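K.L.:
Here it is: the structure, laid out below.
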Amino acid sequence: MDHQTDPLALQAEALRRRAEGQRIGFVPTMGYLHQGHTSLMDIARSQCDWLVVSIFVNPLQFGPSEDLDRYPRDPEGDAAKCAGAGVDTLFMPQHFYPSDHSTSVAVAGLTDGFCGASRPNFFGGITTVVSRLFGIVQPSVAVFGEKDFQQLAVIRRMVRDLAMPIEVIGGPLIRDTDGLAMSSRNRYLTPERRQRALSLSGALKHMQALLSQRGAGTSAETLLAAGREILDFDEFDYLQIVDPDTLKDMPIIDRSARALVGGYIGGTRLIDNMALIP
Ligand code: PAF
């Protein structure tokens with residue numbers, strides 16, 4: 001596996017490979033990799049000739065009181081995981097943005113609710129960094145996890161709206177054996193808080209079971225009330241049932257629907273989601 005830190009050198013290699021007709025696969029990450037990330041690499045690996053993974057903790061997507069400085073890092077462990085997943089080039093930029101970087105990319109509407117409502121800089125930071133990463137890596141296919149369901153919808157919309165010639169694939173959310181959605185932030189949880197964090201997947205599974213008992217046509221409010229009973233947040237952010245493409249609330253659950261949940265336990269932000277009707 002190659003290591004690259006220079007954005008323009010990586011771009012030059014990407015352009016050369018594109019010109020040779022190679023298909024470039026890309027998985028962008030912020031590091032502290034786990035099985036959720038390596039599952040995305042497996043998907044990308046099967047779709048491309050050259051697989052690039054980036055590790056960059058993007059300051060633009062963190063708010064002033066968020067965990068940028070203490071965001072977990074493990075460069076050596078990450079490199080070993082990437083090598084094990086058959087990554088060709090690991091991109092860990094030292095200087096990512098030009099010093100006078102002054103362009104931002106924003107997707108309106110889809111970014112208003114859920115994580116966007118409580119984290120005003122978040123999605124603008126993501127679409128800006130991902131646009132630049134796409135410009136550097138020149139991917140034919142990019143894989144993002146369904147764990148960050150709103151992020152995936154926002155990236156798909158950006159790629160469509162800006163006519164970027166990139167296929168975006170969503171990789172299934174991966175859970176630990178106890179049901180907790182894998183996340184780099186899970187390491188902040190004490191054993192007691194981790195136990196409470198199981199209430200996210202518990203609430204979603206309960207809503208899923210209730211819907212299959214009551215059948216299609218059940219009101220969202222019935223399912224949401226049942227889910228809220230189970231959640232054990234210190235700070236509740238949202239629990240909503242939405243159309244998976246538009247992320248618009250669905251009052252009656254009679255077709256493809258996704259439940260999304262987010263909030264804080266002991267200062268750690270946790271999100272999860274589940275298809276209620278695939
Ligand atoms: O999902 C993430 O890890 C980040 O939001 C991403 C896509 C790498 C952009 O910084």
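K.L.:
Would you work out the relative contact order for the stretch 139-266, in percent, from Cα pairs under 8 angstrom that are 6 or more residues apart?
P.N.:
Working: 170 pairs, mean separation 25.5, N = 128.
Relative contact order for the stretch 139-266 comes out at 20 percent.
K.L.:
By what distance, in whole Å, do the Cα atoms of the chain stretch along each of the three principal axes, largest value first?
P.N.:
Largest first, the chain extends 56, 38, 36 Å along its Cα principal axes.
K.L.:
Sticking with the crude label model, points 7 Å out along Cα→Cβ, report the distance from ASP112 to GLN94 in nm, one decimal please.
P.N.:
Simple spin-label model gives 4.5 nm for this pair.
K.L.:
In the stretch 1-89, which trypsin sites (Lys or Arg not before Pro) are in a loop and have at most 12 other Cβ atoms within 10 Å, using DSSP for the loop call? Present the calculation step by step, with values, prior to reporting the outcome.
P.N.:
Values: sites: ARG16, ARG17, ARG18, ARG23, ARG45, ARG70, ARG73, LYS81; in loops: ARG23, ARG70, ARG73.
Filter output for the stretch 1-89: ARG70.
K.L.:
How large is the convex hull of the C-alpha atoms of the stretch 18-143 per residue, in Å³?
P.N.:
Working: hull volume 16.6 nm³, N = 126.
Here the figure is 131 Å³ per residue.
K.L.:
Among VAL130, VAL261, what is the fewest-to-most ranking by other Cβ atoms within 10 Å? Each step should come with its number before you reach the end.
P.N.:
Values: VAL130 24, VAL261 27.
If I rank by nearby Cβ atoms, fewest first, I get VAL130, VAL261.
K.L.:
Let me ask something else about it. Quick one, what does Rg over Rh come out to for the stretch 136-278 if you take C-alpha atoms and the Kirkwood Rh?
P.N.:
Values: Rg = 16.1 Å, Rh = 16.1 Å.
Value, to two decimals: 1.00.
K.L.:
Measuring from label point to label point, each 7 Å out along Cα→Cβ, what is the ALA216 to GLN195 span in nm?
P.N.:
Modelled inter-label distance: 4.1 nm.
K.L.:
Could you check the simple spin-label distance between LEU15 and ASP2, using points 7 Å along Cα→Cβ, in nm with one decimal?
P.N.:
Each label point is offset 7 Å from its Cα along the Cβ direction, giving 1.5 nm.
K.L.:
I'd like the orientation of helix 75-84 relative to the chain: the angle between its Cα long axis and the longest Cα principal axis, in ° from 0 to 90, rounded to 10.
P.N.:
That helix lies at roughly 90 degrees to the long axis.
K.L.:
List, in order, the whole-Hz ³J(HN,Hα) value for each residue of the stretch 30-45 obtained from phi through the Karplus relation with A = 6.51, B = -1.76, C = 1.60 and θ = phi - 60°; use x for Gly and Pro.
P.N.:
10, x, 6, 6, 9, 4, x, 6, 5, 5, 5, 5, 4, 5, 5, 4
K.L.:
Give, as a single signed number, the net charge of other residues whose beta carbon lies under 12 Å from the beta carbon of ILE136, with Lys and Arg counted +1 and Asp and Glu -1.
P.N.:
Numbers: positive: ARG132; negative: ASP6, GLU13.
Neighbourhood net charge equals -1.
K.L.:
Nearest 0.05, what FRET efficiency do LYS248 and TYR71 give at R0 = 25 Å with Cβ-Cβ as r?
P.N.:
Values: r = 32 Å, r/R0 = 1.27.
The pair LYS248/TYR71 has a calculated efficiency of 0.20.
K.L.:
Separate question: Calculated from DSSP H runs of 4 or more alone, at -39500 (n - 2.57) each and per residue, what is the 222 nm mean residue ellipticity of the chain, nearest 500? Working shown, then result.
P.N.:
On the way: 8 runs with 102 residues, N = 278.
Value at 222 nm, helices only: -11500 deg cm²/dmol.
K.L.:
Using unit Cβ charges (K, R positive; D, E negative) and no other charged atoms, how large, in debye to the nearest 20, is the dipole of the chain about its Cα centre?
P.N.:
On the way: 27 positive and 33 negative charges, 68 e Å.
Charge dipole of the chain: 320 debye, to the nearest 20.
K.L.:
Could you tell me which of PRO7, LEU189, GLN22 has its Cα farthest along the dipole of the chain towards the positive end, charges placed at Cβ (Lys, Arg +1; Asp, Glu -1), taken about the Cα centre?
P.N.:
Projecting each Cα onto the dipole axis, the largest value belongs to GLN22.
K.L.:
Helix 7-19 against the longest principal axis of the chain: what's the angle in degrees, Cα atoms only, rounded to the nearest 10?
P.N.:
90 degrees
K.L.:
Across the stretch 107-112, in residue order, what do the Karplus-derived ³J(HN,Hα) couplings come to in whole Hz, using 6.51 cos²θ - 1.76 cosθ + 1.60 with θ = phi - 60° and x for Gly and Pro?
P.N.:
Working through the residues one at a time gives 9, 8, x, 4, 8, 6 Hz.
K.L.:
So, one more: Can you order the peptides 242-248, 174-180, 29-35 by their average number of other Cβ atoms within 10 Å per residue, highest first? Provide the component values of the computation, followed by the final result.
P.N.:
Numbers: 242-248: 16.1, 174-180: 13.9, 29-35: 18.9.
Ranked from most to least packed, the peptides come out as 29-35, 242-248, 174-180.
A short reminder: the numbers here are calculations on the coordinates, not readings from a lab. All figures in this text were calculated on a predicted structure; none of them were measured in a lab. Methodologically, a virtual Cβ is constructed for each residue, glycine included, from the backbone with ideal geometry; neighbour enumeration extends over all protein chains shown.
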